[in-house]
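Shown next, in C-alpha cells, is the structure this report addresses.
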Amino acid sequence: MLYVILALEVLLVVEAFGDLGIAMAGGAMAFLGALYIWATRHKFGENLIPLEREEMPWLYDGIAELAEKANVPMPKVYLLDDYIPNAYSFGNTIVLSLGLFEVLDKDEIIAVAAHELGHIKNRDTKWFPMVTYGRCLMMITTLALLIAGSVPVKGAATVLYIAYELARSDFMKKREFLADETALRLLKIPMSLKRALEELKYYEDLRMNVKVNAVPSIEPGIEREKRFAFFTETHPSYEERILRITFEMNNLMRMKQVR
C-alpha cells in the first residue's frame, strides 16, 4: 500500500510539472537513496560500546543462541552509555542502553534483545528506514504541489499524504507486534518479554510522575528525545503489546498441548 501511494504521488508530480516533475522526483529519490546507503553503513551515535564476550558472557552467548535459533548471522551488539532504559536495532546491529541493566534482570534483557533480533530477522531494519525516507519524499513533493499545483492537484496531494501517514502508522505497528511474536518463539522463557515490558512501562510511568510532581529545581534532570507523531502514533503502547503477547503465549501453550 505504501509503495502504491508513493507511485501515485510521483505520477501526480509528473502530471503537475512535466519534465521538471520527473527531475524533481528523480533528484529527491536519488538523494534519499544515498542517505539510506550512508546511514546503513555507519553506527548511530558516539556513545556505543562494543559488547565483548569476556565482559558479559551470559548476554553474548544468549544473543548468539537466539540468532542461531532464528537462523540469522550473529548480530553486532553495542552497549549505549545512557542511563535511560532503551534498545534499538539497525542493519545487523542491536543496541542496549546501560539503563536496561538497572531495571531488568538477565532473562528480561535477553527478551528485549530477542525483540530487536526479531526486527532484524523480519528485515525491519531495512524496511523502517525506507518507509521513513518515503515519508520524507512525500513531504517534499507534497509541499511542492501545495505551493505550485492547481486546486485539484493540491487536494489530491493532501489526500495522498494523509493516506501515507495512516498506512505508515499501520505498517509500523504491525511490524512491532511481529517482532514480539518472533521473540516469543525464540525465547526459552517467553514470559520474560511480558515481564520486561511491564517493568519498562512502570519506569515510563514513574518518570512522568516525577516530572509532574517534582519540587521545582529539585526535579531529576531526565533528558530524553521526544517524538511527536503526525496524525497517528507509529508505535503500539505497552498495554497493546502486553495484551497481544498474553494472547500469543496462550496460543503457543495450546499448540504445545495439542502436540
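The values are calculated or read from the model by the stated rules, or taken from the named source; none is laboratory data. Since the structure is predicted, the reported quantities are computational estimates derived from the model, not experimental observations. Heads up: the accessible areas ignore ligands, DNA and RNA and are worked out on the full protein's heavy atoms, side chains in. Shrake-Rupley method; radii C 1.70, N 1.55, O 1.52, S 1.80 Å.
Sorted largest first by accessible area at a 1.4 angstrom probe radius, with every protein chain in place, the residues Glu240, Glu165, Glu54 fall in the order Glu54, Glu240, Glu165. Here the Karplus curve 6.51 cos²θ - 1.76 cosθ + 1.60, taken at θ = phi - 60°, turns the phi angles of segment 17-23 into couplings of 10, x, 4, 4, x, 4, 5 Hz, with x standing for Gly and Pro. The distance separating the Cα centre of segment 85-129 from that of segment 63-83 comes to 8 Å. Pairs spanning more than 18 Å between alpha-carbon atoms, out of Lys69/Lys188; Lys126/Lys201; Lys106/Lys126; Lys76/Lys121: Lys126/Lys201; Lys106/Lys126.
Amide H contacts under 5 Å for Val77: Leu51, Ile94, restricted to partners 5 or more places along the chain or on a different chain, H placed in the peptide plane at 1.01 Å from N.
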